[in-house]
Amino acid sequence: MSDWLLEAQGLQSFYGSSHILHGVDFRVGRGETVALMGRNGMGKTTLLKSVIGLVTPRGGRVAFAGGEVTGQPTHRIVRRGIAYVPEGRGIFPNLSVSENLRMAARPGPGGRRDWDFERVLATFPRLSERLDHGGGQLSGGEQQMLTIGRALMTNPDLLILDEATEGLAPIIAREIWGIVREIKSSGIATVIVDKNHHALTALCDRAVVLVKGQVVFEGACAALKAQPEIIQRHLGV
Amino acid sequence: MDFVSFLIQTLNAVQYGLLLFLVASGLTLIFGIMGVINLAHGSFYMIGAYLAFALVAQTGNLFTALLLGIPLAALLGALLEWALFRHLYKRNHLEQVLLTYGLILVFEELRSLALGDDVHGVAVPAIFSASIKLSDTLSYPVYRLVISAVCVLLAIGLYILIHRTRIGMMIRAGNHDRDMVEALGIDINRIYLVVFALGVTLAAFAGMIAAPVSSVFPGMGNQVLILSFVIVVIGGIGSVWGALVAALVIGFADTFGKVLVPDYAGLAVYLVMAAVLLWRPEGIFKS
Ligand SMILES: Nc1ncnc2c1ncn2[C@@H]1O[C@H](COP(=O)(O)OP(=O)(O)O)[C@@H](O)[C@H]1O
Ligand SMILES: [Mg+2]
């Protein structure tokens, strides 16, 4: 047994015959904020999907909160306390804002009910003005707030944010970063993927950098900031 | 056509349309959410009618037959989903059509072995056996009104289920993005099981309550299946509301087609379908 909240070891993932993850180790501690970095197409999304079983790894193991979850169906894995905000948001446009939130509601691990409808609306006041709108009628920023709010409705121990601020106007992105900071201080562990390395490293505890499905750097965000050549080499455009 | 005949035909059209809606609503949900083309869906209507016949023969009473038949149909639906249909969701349409066409043959053969190939009648329950007198020569059977009323109640129930309950939200969400539903901790396979069993039960129930007015005969699911597919296409795949509107349209086209242009009655339904699709290629209510 380890103290990690999430511990993935030696993940090998494929799409058909294309080999995407080549033995990736990935860990998240309780309450820790981890930046998952790497250029486009390096396997970040595939890693996140492999963790929650949306992609079934052909090799390696995943444990969450001390329990082995390798090969389990997604709904069972996430019920141990993971919430997933996918790239491109994944809201249900055919459900209203309020339905998007309410359908996801569930107590967290150990019956925790910190987050409910009222608290999510208090955190995202914009959503409370749009409760009866269809999810598809929201602006990009509102959609991202809705997916994050919906994720919180499941009272997770770990929140996964893939491309947290992609496609958002800078002012909206800043709002999202503020919310992420709030979530961090509430003790929920987060894994964040984002193109804004500056905002990301200002916030994270630890960073993992992927290149072609392999981890090329893992360490404290402070260390990463002190070594700009790593960012330049692996993340620069 | 005088007013009384017109009224009678209108009531018939509504009743037939609503009955078709019960079958088509399940078909459109299963098609829309799981992506399965289920040719065997009409067989559930046939099975329902034969269940009503067999159970009324045993118990002497349609109400008891319904009480027993409904859970049996739900069980059959759940069993079929678990044993066969869940393996079809990711297969292509040709494989779906092959399996479900095969199922029609299996169901008809089993029906033939168990109950024979004769045409049967089922008695209208005594308390609904009266007729309402509309003119000196014309009257309308109360039982047909009861069918319509029950179907309307079920349509309302279905609306509440889909639009006002949490499971309804999950069903609609699953219609859009199955992975995201799973990622929220919801077992999508269980949702599929519920939807499939519900669809089978609605179709079988339609067959059960139709048995006293339509009689019970081999292959009776086929006509209903074809009309139900027409309804699903006109209404918009996956849209229960579309199915309701389309079922009423088809009920009218079929009923009045037979009265007004008896020689071309078979065409009426398809002319309506062609017209609707020219106007809206994705159906009335694209979901
Ligand atoms: N559904 C898929 N089918 C086939 N290849 C895919 C699929 N999704 C992603 N890929 C490929 O896998 C690699 C990693 O993609 P991804 O994990 O999305 O990278 P990132 O999130 O780091 O941008 C890329 O080369 C991409 O083209
Ligand atoms: Mg990605």
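The calculated P(r) of the protein assembly as shown, using every Cα pair and 10 Å bins from 0, goes 4, 16, 23, 20, 15, 12, 7, 3, 1, 0 in percent.
Legend: mean number of C-beta atoms from other chains within 10 angstrom of residue C-beta atoms, peptide A:68-76, equals 3.
Assuming charge only on the beta carbon of Lys and Arg (+1) and of Asp and Glu (-1), the dipole of region A:166-237 about its Cα centre is about 100 debye to the nearest 20.
For the pair B:TYR89 and A:ARG113, label points projected 7 Å from Cα toward Cβ lie 3.0 nm apart. Cβ crowding within 10 Å, taken as a proxy for footprinting-reagent exposure, orders B:PHE205, B:PHE21 from fewest neighbours to most as B:PHE205, B:PHE21.
When Rg and the Kirkwood radius Rh are both evaluated on Cα atoms of chain A, their ratio Rg/Rh stands at 0.95. Seen from every direction in turn and averaged, the convex hull around the alpha carbons of region B:92-148 projects onto 7.3 nm².
With neighbour counts taken as other beta-carbon atoms within 10 Å, the residues B:TRP279, B:TRP82, A:TRP115, A:TRP177 rank, fewest first, as B:TRP279, B:TRP82, A:TRP177, A:TRP115. Contact order for region B:79-172, expressed relative to its length and based on alpha carbon pairs under 8 Å spaced 6+ residues apart, stands at 10 percent. Averaging the sequence gap over all C-alpha pairs within less than 8 Å and six or more residues apart, then dividing by the number of residues, gives chain B a relative contact order of 37 percent. Panel order for B:TYR89, B:TYR16, B:TYR264, by other beta carbons found within 10 Å of each beta carbon, from fewest to most: B:TYR264, B:TYR89, B:TYR16. Over all orientations, chain B has a Cα convex hull whose mean projected area works out to 15.9 square nanometres. Angle of helix A:140-152 to the longest C-alpha principal axis of chain A, folded into 0 to 90 degrees and rounded to 10: 80°. Peptide B:170-182 shows a mean partner chain C-beta count of 6 within 10 Å per residue C-beta. Size descriptors for region A:43-131: radius of gyration and Dmax over Cα atoms are 15.3, 46 Å.
Over region A:1-59, the fraction of Cα-Cα pairs per 5 Å bin, rounded to whole percents and listed from the shortest bin up, is 4, 18, 29, 25, 16, 6, 3, 0. Summarising the amide proton neighbourhood of A:GLY31: residues at separation of 5 or more, or on other chains, whose placed amide H is nearer than 5 Å comprise A:ALA189. Checking the cross-link pairs A:LYS44/B:LYS286; B:LYS133/B:LYS258; A:LYS184/A:LYS225; A:LYS195/B:LYS286; A:LYS212/B:LYS90; A:LYS195/B:LYS90 against a 28 Å limit on the alpha carbon distance flags A:LYS44/B:LYS286; A:LYS195/B:LYS286; A:LYS212/B:LYS90; A:LYS195/B:LYS90 as lying beyond it.
Between helix B:220-235 and chain B there is an angle of about 70 degrees, using the helix long axis and the longest principal axis of the Cα atoms.
With Cα atoms defining each centre, region A:137-203 and region B:208-266 are spaced 50 Å apart in the structure.
With contacts taken as Cα pairs under 8 Å and at least 6 residues apart, chain A reaches a relative contact order of 27 percent.
Against the main long axis of the alpha-carbon atoms of chain B, helix B:265-279 sits at an angle near 40°.
What is the distance in Å between the Cα centres of region B:90-160 and region A:68-93? Taking the Cα centre of region A:68-93 as reference, the centre of region B:90-160 is 42 Å away.
Backbone amide hydrogens, once placed in the peptide plane, bring A:PHE217 within less than 5 Å of A:VAL209, excluding anything fewer than 5 places away on its chain.
Read-outs: derived from the displayed coordinates by stated rules, not from any lab. Since this is a predicted model, take the numbers as computed values, not measurements. All Cβ positions, glycine included, derive from the backbone under ideal geometry; neighbour counts span all protein chains shown.
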